[in-house]
Amino acid sequence: MSGGSGDSSPASGRASFSSLSDLKDLELSSESGCLSIVVLGASGDLAKKKTFPALFHLFQQGFLQSGEVHIFGYARSNISDDGLRERIRGYLKGASDEHISQFLQLIKYVSGSYNSGEGFASLNNAISENETSKNNKPGSSRRLFYLALPPSVYPSVCKMIRSYCMNPSSHSGWTRVIVEKPFGKDLESAEELSAQLGELFNEQQLYRIDHYLGKELVQNLLVLRFANRLFLPLWNRDNIANVQIVFREDFGTEGRGGYFDQYGIIRDIIQNHLLQVFCLVAMEKPVSLKPEHIRDEKVKVLQSVTPIKHDEVVLGQYDGYKDDSTVPDDSNTPTFASLVLRVNNERWEGVPFILKAGKALNNRKAEIRVQFKDAPGDIFKCKKQGRNEFVIRLQPSEAMYMKLTVKKPGLEMATEQSELDLSYGLRYQDVKIPEAYERLILDTIRGDQQHFVRRDELKAAWEIFTPLLHDIDDGKVKALPYKPGTRGPPEADELSKRMGYVQTHGYVWIPPTLSKF
């Protein structure tokens, strides 16, 4: 299989100093030469809203050099180079028209179907012509394919790439492929897809992207846990009562009902995004920061999860979901789910991990809540005010804060809940926090797979959720109705309470602003 030995040597772009330049600390080796980035599904929403803007921001920061990189869009739409550029232009923000135009000139468009050898042969010719025009030294060409496409076409597209578009065997560069979630609908379909792709590419060439692993505060989890003496002795069943990992949206499916109904909130959010966060919260300390050592520990904690119990699951479906003409009238697809994972190991035995996600709720946020047990000997009579909690706000208003009980200012010995707060918008005012896709695309160019999902990790994740998903599909677990703009079914709060979660009443975290100082 072509792709060369370069796949074992991570690549590094020539970057100016920026928030992403810290990635150089991973001691990745430097590569140069022609880099061809191919966005398949170039006319779709994902490509326009996420992929091309991420590439533009990497270009802005100097990680993609105009003398080395060329970007190709591939789709079925019959448009010109300029036609694609104009479709993308409106999504590129934060730069002058001149800078945007410089980036857009790097983009060429090739039209073709996703199962046509003719189309992919034309794409390969365009890539090869560009590599030749760059006076590329033999062996220094690199080809990155980003599949901004539905998973149903992954096998046929990958076969076309393998047959027509691989880096020439005479070169020692590489070929890498990024595939987007969802990776199957259950264990069987995921394994079938993995087998099909595994016949075409080796594991070092495949990058299964989950953009939550690129989020700044998700990436901070390993540092927080393993670089701070404060947390090391506390992060276990002796001190932690429960952990909540929450994803909330204040809007419904909004025209995507037909697509969403095929998957539901568990497949769409919990089985991938929230489970990745769960791994980083619950895993043991890896031997090193090498990608395989980190991914080994993630697999171990997934394999330690016990089967999900039906009485520790609450499903919901918001009123009005089935008004969408593309959604079946008898749909049992959950738009809300709260479920409990339990880890059968020495560190976490008895600690419930509550994973909760929903649409059409009362607010929008994603966060991790680590709730500690009550302090023994409550001489201040403050238990009713709430417990200590360590909260990591992933979005919006990225922050980390610790909820503490403190003395209320005044002459009386009265207590209240307050916080130690690190709000990123205040602390890092002059730092641009990179978008998840920027970081992950750069990782792929560099050959760093730390923040991507490995095949055995994907299998272990599906083994956890497949029995429950089949029961939902068979109608054995019913979704409860809830009104849009609420917290979801009341039964979900009852489940959290039954799991030992103690809600703090009368306390609301307010992101600090400069106007306060």
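So who's got an amide H within less than 5 Å of the one on F201, skipping anything under 5 residues away but keeping other chains? H placed 1.01 Å off N, in plane.
none
For a label point 7 angstrom out from the Cα of K49 toward its Cβ, which stretches of the range 251-276 have the backbone nitrogen within less than 20 Å?
Backbone N within reach: 251-274.
Return a whole-number percent for the relative contact order of the range 192-338, with Cα pairs under 8 Å and 6 or more residues apart as the contact set.
Result for the range 192-338 is 25 percent.
Given a Förster distance of 22 angstrom, what is the FRET efficiency for Q395 paired with R256, based on the Cβ-Cβ distance and rounded to 0.05?
Details: r = 20 Å, r/R0 = 0.89.
Step by step, r from the Cβ atoms, then E = 0.65.
Give me the distance between the Cα centres of the range 44-81 and the range 175-254, rounded to whole Å.
Cα centres, the range 44-81 to the range 175-254: 25 Å.
Quick check: from the Cα gyration tensor, does the range 208-288 come out rounded (a/c under 1.5), prolate or oblate?
Prolate.
Rounded, prolate or oblate, given the Cα gyration tensor of the range 35-180, with a/c below 1.5 counting as rounded?
Here the range 35-180 falls in the oblate category.
How big is the accessible area of D471 in square angstrom, nearest 10, if you roll a 1.4 angstrom probe over the protein chains?
Near enough 30 Å² of accessible area.
Whole-Hz Karplus ³J(HN,Hα) for the range 195-208, in order, using 6.51 cos²θ - 1.76 cosθ + 1.60 and θ = phi - 60°, x for Gly and Pro?
Result, rounded to whole Hz: 5, 4, 6, x, 6, 9, 9, 7, 4, 6, 9, 9, 10, 7.
With unit charges on the beta carbon (Lys/Arg positive, Asp/Glu negative), name the residue among L339, V305, L315 whose Cα is farthest towards the positive pole of the charge dipole of the range 291-346.
Among L339, V305, L315, the one farthest towards the positive end of the dipole of the range 291-346 is V305.
Using a simple charge model, +1 on the beta-carbon of Lys and Arg, -1 on the beta-carbon of Asp and Glu, nothing else, what dipole does the range 38-123 show about its Cα centre, in debye to the nearest 20?
Numbers: 9 positive and 8 negative charges, 62 e Å.
Value, rounded to 20: 300 debye.
Under unit Cβ charges (Lys, Arg +1; Asp, Glu -1), what dipole magnitude, rounded to 20 debye, does the range 35-180 have relative to its Cα centre?
The dipole of the range 35-180 has a size of about 340 debye.
Counting only other residues whose beta carbon sits under 13 Å from that of P150, what net charge do I get with K and R as +1, D and E as -1? Before the final figure, lay out the partial values.
Working: positive: R76, K181, K185, R256; negative: D45, E180.
Summing Lys and Arg as +1 and Asp and Glu as -1 gives +2.
Please work out whether the range 216-255 counts as rounded, prolate or oblate from its C-alpha gyration tensor, where a ≥ b ≥ c are the square roots of the eigenvalues and a/c under 1.5 means rounded, while otherwise a/b larger than b/c means prolate and anything else oblate?
Cα axes put the range 216-255 in the oblate bin.
For the range 226-243, what does the Karplus curve 6.51 cos²θ - 1.76 cosθ + 1.60, with θ = phi - 60°, yield as ³J(HN,Hα) per residue in whole Hz, taken in order and with x for Gly and Pro?
Result, ordered by residue: 10, 10, 10, 4, 4, 8, 3, x, 8, 7, 6, 5, 6, 10, 9, 7, 6, 10 Hz.
Quick one: ranking L289, L84, L46 by accessible area, 1.4 Å probe, largest first, what do you get? Display every interim value, and only then the final one.
On the way: L289 110, L84 0, L46 50 Å².
Solvent-accessible surface, decreasing: L289, L46, L84.
For a Förster distance of 45 Å, can you work out the FRET efficiency between the beta-carbons of E349 and E98, rounded to the nearest 0.05?
Working from the Cβ atoms, E equals 0.15.
Using a Förster distance of 22 Å, how high is the FRET efficiency between E118 and T326, based on the Cβ-Cβ distance and rounded to 0.05?
About 0.10, to the nearest 0.05.
Over the range 56-153, what is the relative contact order in percent, taking alpha-carbon pairs closer than 8 angstrom and at least six residues apart?
For the range 56-153, the relative contact order is 31 percent.
Per residue of the range 337-351, in order, report the coupling 6.51 cos²θ - 1.76 cosθ + 1.60 (Karplus, θ = phi - 60°) as ³J(HN,Hα) in whole Hz, putting x for Gly and Pro.
8, 10, 9, 10, 9, 10, 10, 8, 8, 5, 6, 10, 4, x, 9
Taking 0.36 nm per intervening residue step and subtracting the Cα-Cα distance, what contour gain separates I510 from F226 on full extension? If you can, show how the numbers build up before the last one.
Details: separation 284, 0.36 × 284 = 102.24 nm, distance 2.80 nm.
Answer, rounded to one decimal: 99.4 nm.
Using a 1.4 Å probe on the protein heavy atoms only, what accessible surface does E203 show? Give it in Å² to the nearest 10.
Counting only protein heavy atoms, E203 exposes about 50 Å² to solvent.
Given a cut-off of 12 Å, what percent of all Cα-Cα pairs of the range 64-107 lie beyond it?
63
Size of the dipole of the range 267-375 about the Cα centre, Lys and Arg at +1 and Asp and Glu at -1 on the beta carbon, nothing else charged, in debye to 20?
Dipole about the Cα centre, nearest 20: 480 debye.
The values are calculated or read from the model by the stated rules, or taken from the named source; none is laboratory data. None of these values were measured; they are calculated from a predicted model. A quick note on method: Cβ atoms are made from the backbone with ideal geometry, for glycine too, and the neighbour counts reach across all protein chains shown. We work out accessible area using only protein heavy atoms, side chains counted, and drop any ligands, DNA or RNA first. Shrake-Rupley method; radii C 1.70, N 1.55, O 1.52, S 1.80 Å.
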